[in-house]
Amino acid sequence: MSKNILLGITGSVAASKSEILFKNLSIDNNVKIICTDAGLLYLSDDFIKNEKIISSWEDSPGSPHIELARWADEILIYPATANFISKMSMGIADDLLLSTILMSNKPTYIAPAMHEEMYLNSIIQQNIEKLSINHIICGPRYGELDIGDTGYGRLIEPHEMINHFQKDKFKVVVTSGGTMEMIDSVRMISNTSSGKQGRALGMELLSRGYSVTYVHANNIKIIPHAKNISFTDSKSLKNILQEELSDSTYLFMTAAVSDFIPDYKDTKLDRSEGSLNLLLSPNEDIVKEVVTNFPNLTTVAFSAQVEDNLNFEKIKDKGVNYLVINNIAKNKIGSDHNQVSIINQTDLLYTSEKLKKEEIASLIIDNTMN
Ligand SMILES: Cc1cc2nc3c(=O)[nH]c(=O)nc-3n(C[C@H](O)[C@H](O)[C@H](O)COP(=O)(O)O)c2cc1C
């Protein structure tokens, strides 16, 4: 169904991508544009001339901030500068676009675009967080930035922006980090999984417009604007998955689940009692259970190994759709880099170079999602 879409463009160097977004949106929708003065600097002359963009009250008779706010079914700010995000979060209305947004109660999608340092600035993070209460934040993504830099802050691509407001986008669950298995009331065993690969996957999926549920160890960072749920031990992870997977299409099982479970003592063990023998029993295989309980789910499992073996025995045993294998003898756990091979039940699909975990995340998604 055709919608009335108001496209807001602000003064990022990435603003020229809004020309592609406009073209793609206009196939099925009525699209009008308000551009800030700074945004106009990054649009082509032809685009500005042909598309009757307005940027201030002088460009249109009457009260365009009222009329356009009421006309729009949805508002897209693509790209959104740090300046614009901050003004919007404060309710400032010193230009036509800000005033129109302030008038509107329609769904508003905001796609930040800026350099990584600017994006990570705590004031900008707070302002984005504030906006996310009532609006939908789309990206930014990891990738190439201005002046040849690479990092988070890149504007999501036009087709990714369109994915963000498709109502039928499907839910993806990503697990991340290590489980902590309690020995007694205060002590536990865990592993050194950093959660970096899972987090990078979650961020990349979010950038691509999927609805992401990030199920993460309670000692690692959340993903802003994902649905974040924390786990402690493997039992709590299993319970969360049982709850979350019933309406999910994909699972990326990046979490490092303990292979062994200690015999829990409901007390604080006392060293005055001398040496302690800890009984570790094999843990149940959560992934195998998931595959049995959710046969329609596409499951991507991960295998941290100490050799390069393409582990077809393991993928057959687990019954998952894909297995991502990494050799932890070559790529230390916790590093920012990874090198992976991706297999399905019968074939090797891809072997990567050693790359940043953000780049690996992108390759894993490309090779496991249609
Ligand atoms: C070449 C150039 C590129 C810029 N790119 C960005 C950007 O990607 N993101 C951003 O937040 N600001 C960027 N800025 C700064 C904004 O243009 C500036 O903050 C401006 O006041 C934004 O106005 P607006 O938010 O009203 O559009 C850039 C400035 C220049 C000169």
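The values are calculated or read from the model by the stated rules, or taken from the named source; none is laboratory data. Values in this document were obtained by computation on a predicted structure and should not be read as measured data. Backbone-built Cβ (ideal geometry, glycine too); neighbour counts: all protein chains shown. Keep in mind that these areas ignore ligands, DNA and RNA; they rest on the heavy atoms of the full protein, side chains included. Shrake-Rupley method; radii C 1.70, N 1.55, O 1.52, S 1.80 Å.
Step by step: first the residues of the range 215-235, then only those that are under 21 Å from Pro282 (Cα atoms), crowded, with 17+ Cβ neighbours inside 10 Å and of a type outside the set (D, E, K, R), then the one that is farthest from the chain's Cα centre (by Cα). Which residue is that? Working first, answer last.
Going residue by residue through the range 215-235, those that are under 21 Å from Pro282 (Cα atoms) are 217, 231-235.
This time we only want the ones that are crowded, with 17+ Cβ neighbours inside 10 Å, so: 217, 231, 233-234.
Now restrict to residues that are of a type outside the set (D, E, K, R): 217, 231, 234.
Numbers: Ala217: 16, Phe231: 18, Ser234: 23 Å.
Filtering first and then ranking leaves Ser234.
Confirm whether Lys238 is part of a helix (DSSP H, G or I), at pLDDT 95 or above, surrounded by fewer than 16 Cβ atoms within 10 Å (Cβ to Cβ) and not assigned by TED's automatic domain parsing to the domain that holds Leu131. Give the derivation first.
On the way: part of a helix (DSSP H, G or I): yes; at pLDDT 95 or above: yes; surrounded by fewer than 16 Cβ atoms within 10 Å (Cβ to Cβ): no; not assigned by TED's automatic domain parsing to the domain that holds Leu131: yes.
Criteria not met by Lys238.
Could you figure out which of (1) more than 24 Å from Leu201 (Cα to Cα); (2) not in a strand (DSSP E or B) isn't true of Ser281?
Ser281 satisfies all of (1) more than 24 Å from Leu201 (Cα to Cα); (2) not in a strand (DSSP E or B) except (2).
Only one of Leu76, Leu131, Leu102 is outside the structural domain of Gly209 (by TED's automatic domain parsing), away from the ligand (no atom under 12 Å from the Cβ), open to solvent by 50 Å² or more (accessible area, probe 1.4 Å) and not hydroxyl-bearing (Ser, Thr, Tyr). Can you tell me which?
Leu102
Just give me the residues in the range 257-270 being open to solvent by 30 Å² or more (accessible area, probe 1.4 Å) and in contact (Cβ under 8 Å) with a residue 24 or more places away in the chain, in sequence order.
Start the filter on the range 257-270 by keeping residues that are open to solvent by 30 Å² or more (accessible area, probe 1.4 Å), which leaves 257, 259-261, 263-270.
Within the range 257-270, Val257, Asp259, Phe260, Ile261, Tyr264, Lys265, Asp266, Thr267, Lys268, Leu269 meet the criteria.
Regarding the range 171-185, can at least one residue be identified that is more than 29 Å from Val290 (Cβ to Cβ) and of a type in the set (A, V, I, L, M, F, W, C)?
no
Considering only residues that are more than 13 Å from the ligand (Cβ to nearest atom) and over 16 Å from Gly151 (Cα atoms), look in the range 105-128 and name the one that is most open to solvent (accessible area, probe 1.4 Å).
Here the residue is Asn105.
Within the range 80-88, can one find any residue that is of a type in the set (Gly, Ala, Ser), out of contact with any Pro (no Cβ under 7 Å at 6 or more places or on another chain) and closer than 24 Å to Glu358 by Cα? Can you show your working first?
Quick first cut of the range 80-88, residues of a type in the set (Gly, Ala, Ser) only: 80, 82, 86.
Within this subset, residues satisfying the condition of being out of contact with any Pro (no Cβ under 7 Å at 6 or more places or on another chain) are 82, 86.
Of the ones still in play, those that are also closer than 24 Å to Glu358 by Cα are 82.
Yes, because at least one residue in the range 80-88 is of a type in the set (Gly, Ala, Ser), out of contact with any Pro (no Cβ under 7 Å at 6 or more places or on another chain) and closer than 24 Å to Glu358 by Cα.
Out of the range 88-103, which residues are free of Cβ contacts under 8 Å to residues at least 40 places away in the same chain and within 21 Å of Met161 (Cα to Cα)? Write out each step before concluding.
Step one: of the range 88-103, the residues free of Cβ contacts under 8 Å to residues at least 40 places away in the same chain are 90-94, 98-99, 102-103.
Within the range 88-103, Leu98 is the sole residue that qualifies.
Being more than 20 Å from the chain's Cα centre (by Cα) and β-branched (Val, Ile, Thr) narrows it down to one residue among Thr254, Thr267; which is it? Steps first, answer last, please.
Values: Thr254 fails: more than 20 Å from the chain's Cα centre (by Cα).
Criteria check complete, one pass: Thr267.
Which of the residues spanning the range 59-72 are within 16 Å of the ligand (Cβ to nearest atom) and buried (at least 20 other Cβ atoms within 10 Å of the Cβ)? Don't jump to the end; show me each part of the working.
Kept after step one, since they are within 16 Å of the ligand (Cβ to nearest atom), are these residues of the range 59-72: 59, 65.
Residue satisfying the conditions is His65 alone.
Taking the residues in the range 20-46 that are within 16 Å of the ligand (Cβ to nearest atom) and in a helix (DSSP H, G or I) as candidates, determine which candidate is farthest from Leu96 (Cα to Cα).
Here the answer is Leu21.
Going by the conditions given, is Ile136 in the same structural domain as Glu117 (by TED's automatic domain parsing), among the hydrophobic types (A, V, I, L, M, F, W, C) and surrounded by fewer than 21 Cβ atoms within 10 Å (Cβ to Cβ)?
Working: in the same structural domain as Glu117 (by TED's automatic domain parsing): yes; among the hydrophobic types (A, V, I, L, M, F, W, C): yes; surrounded by fewer than 21 Cβ atoms within 10 Å (Cβ to Cβ): yes.
Here the answer is yes, as Ile136 does meet what is asked.
Being buried (at least 20 other Cβ atoms within 10 Å of the Cβ) and not hydroxyl-bearing (Ser, Thr, Tyr) is the filter here; which residues of the range 246-256 pass it?
Taking the range 246-256 and keeping what is buried (at least 20 other Cβ atoms within 10 Å of the Cβ), we get 250-256.
Hits for the range 246-256 are Leu251, Phe252, Met253, Ala255, Ala256.
Being open to solvent by less than 80 Å² (accessible area, probe 1.4 Å) and among the small types (Gly, Ala, Ser) is the filter; apply it to the range 271-325 and report the residue that is farthest from the chain's Cα centre (by Cα).
This residue is Gly274.
Determine, yes or no, whether Ile137 is away from the ligand (no atom under 13 Å from the Cβ) and either under 17 Å from the mean Cα position of the chain (by Cα) or at pLDDT 95 or above (or both). Give the derivation first.
On the way: away from the ligand (no atom under 13 Å from the Cβ): yes; either under 17 Å from the mean Cα position of the chain (by Cα) or at pLDDT 95 or above (or both): yes.
Criteria met by Ile137.
Quick one: Ser16 ticks every box in (1) closer than 22 Å to Leu145 by Cβ; (2) touching a residue at least 40 places away in the same chain (Cβ under 8 Å) bar one, so which box is it?
With respect to (1) closer than 22 Å to Leu145 by Cβ; (2) touching a residue at least 40 places away in the same chain (Cβ under 8 Å), Ser16 is out only on (2).
Find the residue count for the range 20-58, including only residues that are of a type outside the set (S, T, N, Q) and open to solvent by 40 Å² or more (accessible area, probe 1.4 Å).
Looking only at the range 20-58, we keep the residues that are of a type outside the set (S, T, N, Q), and these are 20-23, 25, 27-28, 31-35, 37-43, 45-49, 51-54, 57-58.
Within this subset, residues satisfying the condition of being open to solvent by 40 Å² or more (accessible area, probe 1.4 Å) are 20, 23, 27-28, 32, 37-38, 40-42, 45-46, 48-49, 51-52, 57-58.
Counting residues in the range 20-58 that are of a type outside the set (S, T, N, Q) and open to solvent by 40 Å² or more (accessible area, probe 1.4 Å) gives 18.
Are any of the residues in the range 55-68 within 23 Å of the chain's Cα centre (by Cα) and assigned by TED's automatic domain parsing to the domain that holds Ser18?
no
Within the set of pairs 6+ apart or on separate chains, which have a first residue in the range 180-197 that is on the phi > 0 side of the Ramachandran plot, a second that is of a type in the set (S, T, N, Q) and modelled with pLDDT under 95, and C-beta atoms under 9 Å apart?
These pairs meet every condition: Gly195/Asn219.
Condition check: open to solvent by 20 Å² or more (accessible area, probe 1.4 Å), over 22 Å from Leu205 (Cα atoms), out of contact with any Asp or Glu (no Cβ under 6 Å at 6 or more places or on another chain) and not in a helix (DSSP H, G or I). Does Lys330 satisfy that?
Values: open to solvent by 20 Å² or more (accessible area, probe 1.4 Å): yes; over 22 Å from Leu205 (Cα atoms): yes; out of contact with any Asp or Glu (no Cβ under 6 Å at 6 or more places or on another chain): yes; not in a helix (DSSP H, G or I): yes.
Yes: the conditions hold for Lys330.
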